[in-house]
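Student: Please find one structure pasted underneath; my questions will follow.
The values are calculated or read from the model by the stated rules, or taken from the named source; none is laboratory data. These numbers come from a predicted model, not from an experiment. Neighbour counts are summed over all protein chains in view; Cβ atoms, including those assigned to glycine, are modelled from backbone coordinates with ideal geometry. Just the protein is used for accessible areas: all its heavy atoms, side chains included, with ligands, DNA and RNA removed. Shrake-Rupley method; radii C 1.70, N 1.55, O 1.52, S 1.80 Å.
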Amino acid sequence: MLRAMSYVVSVEADAGTPLYVAISRAIAGDIARKRLRQGERLPGERSLAAMLGVNRNTVHAALQELIAQGWLEALPARGVFVRAPSQADRPRLSAKGVALRAELPARPAFALEPSAPAKPPGKGLQLTGGVPDPRLFPHELYARSYRRVLAQRGERLLDYGEPHGEPTLRRALADMLSRMRGLGAREHDVLITRGSQQAIWLAAHVLLRPGDRIGVEEYGYPPAWSAFRSAGAELVPLPVDGDGLRMDALERALQKSLRALYLTPHHQYPTMVALSAQRRLRLLQLAREHACAVLEDDYAHEFHYQGRPRLPLASVDHHGSVIYIGTLSKILMPGLRIGYAVAPRPVLDAMAALRFTVDRQGDLAAEAAVAELIEDGELERHTRRMRRVYETRRDALATALQSSLGSRVSFELPAGGMAFWVRVHGHDPRRWVERAEQQGVLFRAGNDYALSPAELPFVRMGFTRLDERELTRAVKLAARAL
């Protein structure tokens, strides 16, 4: 029993609960119930220890905990007193009577390298590129497959598995990529990741060491650049023209040594141009001669509207230079977080070993459900439907831009992909983007895709997330902002 004035408190320690926690819990509970009032002085540590029959260090730890939580305050040369916090900042009690901190500290007590947090998408009509329409996701088909795989293999799918990914999805993807993209892949050639961004990050940290140089398109995909920088690499900008990455610039960069090259050859991000056939062959020749790894990001291969889509670089790579990266997020939904990498087995094993240290594995049940969609042919049918829908939306955006903006903008109708690269005439693209957001329309300025500071007279507008009526309305609002 502990006494202070006429105050008596019972201390009960559950099995496994440290004694100092039990003491602090009991005192805090009595302060919260006003059995101990503001200004009352507690007996000294020696007296409390004697009354409770415990070590003085135990009492000291209990009182320090209560001081830290705001229940007590220590006044020099006077003793420890009940603080009785106001209702606004009084620590809360859990169901078991444990005092809960009102809020976390605003700042850490240690040095931390500052970094800019990822900006979430704003609210409004999204003309941002590369985002599928969630209303078109085959919810029922996916739910049916998910229920079926859980019923049949739930015990295994909800357990730990291979960091390389669910074997059924690896097999299904290998078959699909071989049939449709000419990769000649087998199950052991595929690594499943949480979206293509994780595949890029893993490849970056397997390939690159601090100080290594990696060539990137001068207008490109900033999240990939962040992954390379996190590995300590130096980014070397390489110019892009109407035929894609310029080979003369690549040759000069290779003379100074490049450890790797990252590019989006099918639908260049963000300009949408395609790497020409002649340059593809030259690029692979240079990569082989200089032992330069090639990270091929084929983020929207399925959505090509004019002629047949070009096969990936990886389909004609016979020397193991290419790490091929793709995603199912553009076909299905980003929230599923399913991407993949195809590469020689030693590369994938190194990526899987690194993945194990930060993520261990993906969602095996979701991966198995998607594998069923591929095996049943549902994914291909869904992709064909989406291609028709997105082609119609592409044409609707082109019509809306011409109708509402006329000569103030110009663009090339993209042969594929999910966005337009629009040149802006006589106006500041950044200012336009800001004013359009005030009107409830979201798209990005070209500067956001430039590796070095530059005032680019472009904006990027996507067409896949909105239907035809929404696209027309969004462009009218954007025109009003301009």
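Student: Is it true that some residue in the range 354-362 is aliphatic (A, V, I, L, M), more than 30 Å from A415 (Cα to Cα) and not in a loop (DSSP other than H, G, I, E, B)?
Tutor: So in the range 354-362, the residues aliphatic (A, V, I, L, M) come out as 354, 358.
Filter once more, keeping what is more than 30 Å from A415 (Cα to Cα): 354, 358.
Subset that is not in a loop (DSSP other than H, G, I, E, B): 354, 358.
So far as the range 354-362 goes, yes, one or more of its residues are aliphatic (A, V, I, L, M), more than 30 Å from A415 (Cα to Cα) and not in a loop (DSSP other than H, G, I, E, B).
Student: Right, something else. Can you work out which of the residues in the range 359-377 that are open to solvent by less than 20 Å² (accessible area, probe 1.4 Å) and under 21 Å from the mean Cα position of the chain (by Cα) is nearest to A199 (Cα to Cα)?
Tutor: Taking the candidates together, the pick is G362.
Student: Now a separate question. If F356 satisfies every condition in (1) of a type in the set (F, W, Y); (2) farther than 30 Å from A151 by Cα; (3) open to solvent by 20 Å² or more (accessible area, probe 1.4 Å); (4) in contact (Cβ under 8 Å) with a residue 60 or more places away in the chain but one, which is the exception?
Tutor: (2)
Student: For D448, are the conditions met, namely being under 26 Å from the mean Cα position of the chain (by Cα), among the acidic types (D, E), under 25 Å from D243 (Cβ atoms) and open to solvent by 10 Å² or more (accessible area, probe 1.4 Å)? I'd like the intermediate steps shown before the answer.
Tutor: Details: under 26 Å from the mean Cα position of the chain (by Cα): yes; among the acidic types (D, E): yes; under 25 Å from D243 (Cβ atoms): yes; open to solvent by 10 Å² or more (accessible area, probe 1.4 Å): yes.
Against the criterion (under 26 Å from the mean Cα position of the chain (by Cα), among the acidic types (D, E), under 25 Å from D243 (Cβ atoms) and open to solvent by 10 Å² or more (accessible area, probe 1.4 Å)), D448 qualifies.
Student: Further question: Determine which member of the set I27, I67 is surrounded by 19 or more Cβ atoms within 10 Å (Cβ to Cβ), in contact (Cβ under 8 Å) with a residue 12 or more places away in the chain and β-branched (V, I, T).
Tutor: Working: I67 fails: surrounded by 19 or more Cβ atoms within 10 Å (Cβ to Cβ).
Unique residue meeting the criteria: I27.
Student: On to the next question. Only one of R310, R337, R345 is among the basic types (K, R) and farther than 28 Å from M272 by Cα; which?
Tutor: Numbers: R310 fails: farther than 28 Å from M272 by Cα; R337 fails: farther than 28 Å from M272 by Cα.
That would be R345, the only listed residue that is among the basic types (K, R) and farther than 28 Å from M272 by Cα.
Student: Let me ask another. Report every pair of residues separated by at least 6 positions or lying on different chains whose Cβ atoms are under 7 Å apart, first residue within the range 397-416 and closer than 26 Å to P309 by Cα, second among the small types (G, A, S) and in a helix (DSSP H, G or I).
Tutor: That search, which allows pairs on different chains as well, returns L413/A398.
Student: Looking for whichever is at pLDDT 95 or above, touching a Ser or Thr at 6+ places or on another chain (Cβ under 6 Å) and either over 16 Å from Y299 (Cβ atoms) or in a helix (DSSP H, G or I) (or both) here; the options are A172, A199, A203. Which one fits?
Tutor: On the way: A172 fails: touching a Ser or Thr at 6+ places or on another chain (Cβ under 6 Å); A203 fails: touching a Ser or Thr at 6+ places or on another chain (Cβ under 6 Å).
Going through A172, A199, A203 in turn, the sole match is A199.
Student: Scan the range 325-340 for residues that are of a type outside the set (D, E, K, R), more than 18 Å from E166 (Cβ to Cβ) and touching a His at 6+ places or on another chain (Cβ under 9 Å) and report the count.
Tutor: 0
Student: Looking at (1) closer than 25 Å to Y146 by Cα; (2) at pLDDT 95 or above, find the lone condition where G362 falls short.
Tutor: Result: G362 fails condition (2) only.
Student: I'd like the residue in the range 329-353 that is modelled with pLDDT of 95 or more and assigned to a loop (DSSP other than H, G, I, E, B) and, out of all such residues, is farthest from the chain's Cα centre (by Cα).
Tutor: Start the filter on the range 329-353 by keeping residues that are modelled with pLDDT of 95 or more, which leaves 338-353.
Those left that are additionally assigned to a loop (DSSP other than H, G, I, E, B): 338, 343-344.
Numbers: I338: 12, A343: 22, P344: 25 Å.
Across the range 329-353, the extreme among qualifying residues is P344.
Student: Does at least one position in the range 194-203 carry a residue that is aliphatic (A, V, I, L, M), touching a strand residue (DSSP E or B) at 6+ places or on another chain (Cβ under 7 Å) and over 19 Å from V358 (Cβ atoms)?
Tutor: No - not one qualifying residue is present in the range 194-203.
Student: Output the number of the condition that S257 fails; it satisfies all remaining conditions of (1) free of Cβ contacts under 8 Å to residues at least 40 places away in the same chain; (2) more than 30 Å from L328 (Cβ to Cβ); (3) open to solvent by 10 Å² or more (accessible area, probe 1.4 Å).
Tutor: Of the numbered conditions (1) free of Cβ contacts under 8 Å to residues at least 40 places away in the same chain; (2) more than 30 Å from L328 (Cβ to Cβ); (3) open to solvent by 10 Å² or more (accessible area, probe 1.4 Å), the odd one out for S257 is (1).
Student: Follow-up question, since we're still on this one. Is one or more of the residues making up the range 378-392 more than 18 Å from E187 (Cβ to Cβ), open to solvent by 40 Å² or more (accessible area, probe 1.4 Å), without any contact (Cβ under 8 Å) to a residue 12 or more places away in the chain and of a type outside the set (D, E, K, R)?
Tutor: For the range 378-392, residues more than 18 Å from E187 (Cβ to Cβ), open to solvent by 40 Å² or more (accessible area, probe 1.4 Å), without any contact (Cβ under 8 Å) to a residue 12 or more places away in the chain and of a type outside the set (D, E, K, R): absent.
Student: Return a yes/no flag: does the range 70-82 have any residue that is open to solvent by less than 60 Å² (accessible area, probe 1.4 Å), part of a helix (DSSP H, G or I) and touching a strand residue (DSSP E or B) at 6+ places or on another chain (Cβ under 8 Å).
Tutor: No, the range 70-82 has no match at all.
Student: Something else about it: Which residue is nearest to A365 (Cα to Cα), if the candidates are limited to the range 136-167 and must be in a loop (DSSP other than H, G, I, E, B) and open to solvent by less than 80 Å² (accessible area, probe 1.4 Å)?
Tutor: Let us first name the residues in the range 136-167 that are in a loop (DSSP other than H, G, I, E, B), namely 137-138, 158-166.
With the extra rule that they be open to solvent by less than 80 Å² (accessible area, probe 1.4 Å), the set shrinks to 137-138, 161, 163-166.
Details: F137: 18, P138: 17, G161: 11, P163: 14, H164: 14, G165: 11, E166: 8 Å.
If we take residues in the range 136-167 being in a loop (DSSP other than H, G, I, E, B) and open to solvent by less than 80 Å² (accessible area, probe 1.4 Å), then E166 is nearest to A365 (Cα to Cα).
Student: Out of the residues in the range 195-245 meeting the condition of being in contact (Cβ under 8 Å) with a residue 12 or more places away in the chain and among the charged types (D, E, K, R), tell me which one is least open to solvent (accessible area, probe 1.4 Å). It would help to see each step written out before you state the result.
Tutor: Going through the range 195-245, the residues in contact (Cβ under 8 Å) with a residue 12 or more places away in the chain turn out to be 195-225, 227-228, 230-245.
Applying the additional criterion that residues be among the charged types (D, E, K, R) yields 209, 212-213, 217-218, 234, 241, 243.
On the way: R209: 129, D212: 41, R213: 51, E217: 8, E218: 53, E234: 91, D241: 57, D243: 76 Å².
Result: E217.
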